[in-house]
Amino acid sequence: MSYVDEIYAKVVEQNPGEAEFHQAVKEVLDSLKLVIDANEDKYRKMALLERLVEPERIISFRVPWVDDNGQVQVNKGYRVQFNSAIGPYKGGLRLHPSVNQGILKFLGFEQVFKNSLTGLPIGGGKGGSNFDPKGKSDREVMAFCQSFMTELSKYIGADQDVPAGDIGVGAREIGFLYGQYKRLTGLYEGVLTGKGLNYGGSLVRTQATGYGLVYILDEMLKNNGKELAGKTVVVSGSGNVAIYATEKAQQLGAKVVALSDSNGYIYDADGIKLDVVKEIKEVRRGRIKEYTASVPSAVYTEGKGIWTIKCDIALPCATQNELNLDDAKALKANGCFAVAEGANMPSTREATDFFLENNMLFMPGKAANAGGVATSALEMSQNSQRLSWSFDEVDAKLKDIMVNIFAKANDAAKRYGVAGNYVAGANIAGFEKVVDAMMAQGIV
Ligand code: NDP
Ligand code: 2IT
């Protein structure tokens, strides 16, 4: 058995019940075969892959808090500190009932390669809880966040581990978490990113993941003789990433016709009115079906099915494995020619393989959604300098980083004889920097 296959078998055996983690590891290892096979003896002797797939540390803890009825609730809290070869652990916190250790290991593993691709000095980590913020009062969310941070604060720091937002964690939650960290430690430091602008946040961080997604999409299209202007786009989700991907796609002349949430999706043939969506999601914390109350010509459909809408470009921006093989086939049959992943691992492995086999342009999440964490790293730089850069300055840096990520994935794919396969290209380019740092730092 090749070294790569041997390691995958061990991961499955030693991490039972963690299907998403197995899936993420398999995709990366399959890409790395091209690199590892040529250096198998060297890497095997150093147990390079064994170390790459094992988190440096996982912290798991109890999060007790009191709800509005005076009832004590208990959630599970985690931080997966996956790899610090190239910088302090960096990655978001997810609050969603589906969160468990396997989900956070998959996200932490992806983050290692994504963060490497940004070219900035950040290692990989992820954390979160099975707490469900939906339907909770602000006071309940604050009580949870304060309890979560009371434990997490022991393990993080501006030069150690810097969490940020992810599903269910936005400006409100980061504010509560930051306040509690400061209260416990007395430190006013860049320990979290995605902070409010008046207490150390960076301009563009709110927009960064969605804007970055569209910047790299635009670059991929241009490199393949196509353009974004005039194209019809379907975006899934209606959270932070989906909203700002829609905004930038519209600014660049595309027409976004659909958005969704976990209940259903809206179709607006005239193009999504984003101010209506922002009011529903960012102000009222409502459901996407409320869109039709403001735009009666739009159609709301309960359940899944957003990928059956005819489009040129699909941007999955909700969650893992939201786009399966049947969805991929439906997209292709309707003329879709490009897919870029705003979410982490939104396409199943079968869907990803279908896109590649059918020569559709496909940019995987760890490259396509790296603009969020890249701008977080820019927030860390500003905090260290005790300066704030202008919107245009951060936006220009973000664009530059996304164009560079495209170049890295494109070049690595060409170097290994799989031109146009940005999955292999991103995995290899991300791996190269991390492995070089790991080899240089000895057996740690
Ligand atoms: P938000 O919480 O702001 O929005 C999430 C959106 O996805 C909501 O519309 C939500 O619907 C939907 N969604 C979440 N879980 C599910 C599910 N299980 N089934 C169906 N729909 C679901 O999160 P973000 O926009 O921040 O994150 C979206 C994706 O982007 C995630 O994969 C995240 O890891 C990734 N990402 C985020 C970055 C960031 O900077 N925020 C950076 C890089 C990647 P509902 O409200 O009904 O739950
Ligand atoms: O998946 C991700 O890259 C994020 N949720 C953003 C992480 C960050 O540290 O900004």
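The values are calculated or read from the model by the stated rules, or taken from the named source; none is laboratory data. Because the structure is predicted, anything quoted here is derived from the model rather than measured. As a convention, Cβ positions derive from the backbone with ideal geometry for all residues, glycine included, and neighbour counts pool all protein chains shown. Heads up: the accessible areas ignore ligands, DNA and RNA and are worked out on the full protein's heavy atoms, side chains in. Shrake-Rupley method; radii C 1.70, N 1.55, O 1.52, S 1.80 Å.
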Worksheet item: Hey, what's the Cα Rg ratio for the range 163-234 versus the globular rule of thumb, 2.2 N^0.38 Å?
Response: 1.55
Fill in: Rg ratio (alpha-carbon, reference 2.2 N^0.38 Å) - the range 47-144
1.24
Worksheet entry | Cα-Cα pairs of the range 88-246 separated by more than 28 Å (percent) | 24
Item to complete: With only alpha-carbon atoms counted, please give the Rg and Dmax of the range 400-444, in Å.
Response: 12.0, 35
Response to the item:
Over the chain, the sum of -39500 (n - 2.57) across DSSP H runs of at least four, divided by residue number and rounded to 500 deg cm²/dmol, gives at 222 nm -15000 deg cm²/dmol
Response to the item:
Distance in nm between Ala158 and Asn223 label points, each 7 Å along Cα→Cβ, equals 3.6
Discussion item. Suppose every Lys and Arg Cβ carries +1 and every Asp and Glu Cβ carries -1, with no other charges. What dipole size does the range 118-264 come out with about its Cα centre, to the nearest 20 debye?
Written reply: 200
Worksheet item: Taking only the alpha carbons of the range 228-294, what extent do you get along each of the three principal axes, in Å, biggest first?
Response: 31, 20, 19
Item to complete: With label points built 7 Å along Cα→Cβ from the Cα atoms of Glu393 and Gln71, find their separation and express it in nm.
Response: 5.1
Discussion item. Over the Cα atoms, compute the radius of gyration (one decimal) and Dmax (the largest Cα-Cα distance, rounded to a whole number) for the range 333-444, in Å.
Written reply: 16.6, 52
Discussion item. If you count only protein heavy atoms with a 1.4 Å probe, what accessible area per residue comes out for the chain, rounded to a whole Å²?
Written reply: 39
Fill in: Listed peptides 171-178, 100-107, 235-242 by packing density, highest first (mean Cβ within 10 Å)
235-242, 100-107, 171-178
Worksheet item: On the accessible surface of the chain, probed at 1.4 Å, how many percent belong to carbon and sulfur atoms?
Response: 49
Worksheet, complete the sentence: Calc'd 3J(HN,Hα), the range 226-238, phi into Karplus 6.51 cos²θ - 1.76 cosθ + 1.60 (θ = phi - 60°), Hz, glycine/Pro = x, comes to 10, 9, 7, 4, x, 7, 9, 10, 10, 10, 9, x, 8
Worksheet item: Taking amide hydrogens as modeled 1.01 Å from N in the peptide plane, which residues meet the under 5 Å criterion relative to Arg94, leaving out close sequence neighbours?
Response: Gly127, Gly128, Ser129
Discussion item. Semi-axes of the equivalent ellipsoid for the range 184-323, please: Cα gyration tensor eigenvalues, times 5, square-rooted, ordered largest first, whole Å.
Written reply: 28, 21, 13
Response to the item:
Check: C-alpha center the range 235-267 vs C-alpha center the range 128-161, spacing in Å is 28
Worksheet entry | Under-5 Å amide H pairs with Gly264, H placed in peptide plane, nonlocal only | Gly303
Worksheet item: Per the Kirkwood treatment, what hydrodynamic radius in Å, one decimal, follows for the chain from the mean inverse distance over all distinct Cα pairs?
Response: 22.0
